[in-house]
Amino acid sequence: MSQPCEINMTGMRSADSMWSAADVWIKKPHVVNKRLCGVTETEYRDVDTAELIQVLFSLLGTNIKIADISMFLHADIVDKEHETAGRWCVGVRTIIPKVNKTVECLYKEVIIKDNVGHTVTFIPFEETGVEQVIVKSSNIYQIQLQLKPEEWMFSLHALMPEQWCSDGVAYPKLSWLCTKLLPKLSRWALESKTSEFKSTLSLIPVEKYGILYQQLKEKYKELVKVWPEVTDPEKFVFEDVAIASYLLVLWGEERAEKGTTTKQSFVDLGCGNGLLVHILNNEGHPGKGMDIRKRNIWDMYGPGTHLEETAITPSNDFLFPTTDWLIGNHSDELTPWIPVIAARSSYSCRYFVIPCCFFDFCGKYQRRQCKKSQYKEYIDFVTDVSTMCGFYTEEDCLRIPSTKRRYMMSHMSVCEDVAQRKSVNESSEVW
């Protein structure tokens, strides 16, 4: 076993913040390891020591060196007070690299939380296409919080540091875990702040998004070299590739749920450079973009991309009864109107909006709640508008190079009968 890397946690008051910090690394490792797209997790369950051993055998096979792992876990130290309730919490996460060169190999880790010893242990293993399990015993490591005389210490241990094997992606270098990850965890534990928002990509399968994003990034990367606008080409191209990837996965899941193969139609209101429209059209979705001003790049897309230069005025002249989805990608003054337009267009029209600048129906949005951030308050305002229009609204966070990454989307109208639908339609007649 290795000599641990340690960080003094002066100012830390309880072990609870350690679990919060560890959960960031468990659930969102991509915030530190930029070569990862994310993870998927199984449900965690509480077990006693005997059950833990059986879980490890069932997941990793009976040939694992259970004695060494048990000693590393300190499972030989029995705490009778906690054994009945379940000293251990165990689950599995699948690591999703941004670029997976070995398609048939799944990178997984057994995550073991010791509620008594304040440790989280990671046991990596690989599953191949023939369901063969390969345990990476050399890369087993543990994060621990210890209360030493009058101070907390955060430490990281490896079971076999001299045999550590790194690929730089799913298996970072041990030195990286000590010099990059551990300081991050300690900072998160000391800050121990609860975010106002959900994690990224919480409403779609992360693995599908990761694969599609890499494919589209490769397909449209040449646009960076010929970008005629004055805006930053890399930011705008790869941001719209990410948004398109999200929408295409989201819509694919929607089609699967409804049992249809017909691709959804859309209208992008305030489409700007039109790249999102171009990608969605190219990927087979019928739709168009509308903006008050034509951009130079519009002429480069070709006849397959449908863009209109027109001023969009919320009125009966701008309803879209045959459209499945309305999109507002940083749509500024149009943002609060998009749920209203969707509600008035048809009972099956949904919307997807990324709020950016803060506007209400009359002009600049005026803050009302100082206890929230301005951004969170505005997100809540648009959500309230959506609810008043009769939508069931969900919120997620995109992975785009922007400080305004939150979006809201609506599902089908929550109105169940004709009278309710008529009431919602009438209440949304604000023009």
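Seen against the Cα atoms of the chain and their longest principal axis, helix 418-427 is set at about 80 degrees. Counting every C-alpha pair in the chain, the share spaced more than 30 angstrom apart comes to 53%. Amide H to amide H distances under 5 Å link His330 with Ile354, where only residues 5 or more positions off or on other chains count and H is placed in the peptide plane.
For the chain, excluding the exposed loop sites themselves (GluC sites (Glu not before Pro), DSSP loop, at most 12 other Cβ atoms within 10 Å), the longest remaining stretch covers 223-415. Once the C-beta distance of Thr10 and Lys180 is scaled by a Förster radius of 22 Å, the resulting FRET efficiency is 0.60 to the nearest 0.05.
Which one of Ser410, Val32, Gln146 has its Cα pushed farthest toward the positive end of the charge dipole of the chain, where Lys and Arg give +1 and Asp and Glu give -1 at the Cβ? Working it through, the farthest residue towards the positive pole turns out to be Val32. For the pair segment 208-282 / segment 297-369, the C-alpha centres are spaced 17 Å from each other.
Treating each Cα of segment 338-390 as an identical point scatterer and ignoring solvent, apply the Debye formula and state log10 I(q)/I(0) at q = 0.15, 0.29, 0.32 Å⁻¹. Summing over Cα pairs of segment 338-390 leads to -0.45, -1.22, -1.34.
Taking θ as phi - 60° and the Karplus parameters 6.51, -1.76 and 1.60, the scalar couplings of segment 137-144 work out to 4, 5, 10, 6, 9, 8, 10, 9 Hz in sequence order, x denoting glycine and proline. Surface composition of the chain: carbon plus sulfur atoms hold 51% of the accessible area, using a 1.4 angstrom probe and ignoring ligands, DNA and RNA. Helix 16-27 and the long axis of the chain differ in direction by around 70°, with both axes built from C-alpha atoms. Here the relative contact order of the chain, from alpha carbon pairs under 8 Å that lie six or more residues apart, stands at 11 percent. For segment 366-376, backbone phi angles converted through the Karplus equation (6.51, -1.76, 1.60; θ = phi - 60°) give residue-by-residue couplings of 9, 5, 10, 10, 6, 6, 9, 5, 4, 5, 5 Hz, Gly and Pro being listed as x.
Take the chain with all the other protein chains still there, run a 1.4 Å probe, and you get 49 Å² of accessible area per residue.
Scalar couplings 3J(HN,Hα) for segment 169-181, obtained by applying the Karplus form with A = 6.51, B = -1.76, C = 1.60 to θ = phi - 60°, are 10, 5, 10, x, 5, 4, 5, 5, 4, 6, 8, 10, 5 Hz; x denotes Gly and Pro.
Stokes-Einstein diffusion coefficient for segment 139-283 at 25 °C in a medium of 0.890 mPa s, Rh from the Kirkwood formula over Cα pairs: what value in µm²/s? Using the Kirkwood radius from Cα pairs, D works out to 125 µm²/s.
The simple Förster model, with R0 at 41 Å and r as the Cβ-Cβ distance, assigns Asp167 and His74 a FRET efficiency of 0.90. Once both labels are positioned 7 Å from their Cα atoms along Cα-to-Cβ, the gap between Gln366 and Gln132 label points is 7.0 nm. A straight Cα-to-Cα reach below 17 Å connects Lys65 with the lysines Lys136, residues fewer than 8 places away in its own chain not being considered. Calculate how many DSSP beta bridges within the chain are antiparallel, expressed in % of all such bridges and rounded to the nearest 5. Taking every DSSP beta bridge within the chain, about 75 percent pair in antiparallel fashion. Close amide H partners of Cys271, meaning residues 5 or more places away or on another chain with modelled amide H under 5 Å apart, are Met290, Asp291.
The values are calculated or read from the model by the stated rules, or taken from the named source; none is laboratory data. Not measured: the values here are computed from a predicted model. For neighbour counting, all protein chains shown are included, and Cβ atoms are generated from backbone atoms with ideal geometry for every residue, glycine included. All accessible areas refer to the heavy atoms of the entire protein, side chains included, with ligands and DNA or RNA removed. Shrake-Rupley method; radii C 1.70, N 1.55, O 1.52, S 1.80 Å.
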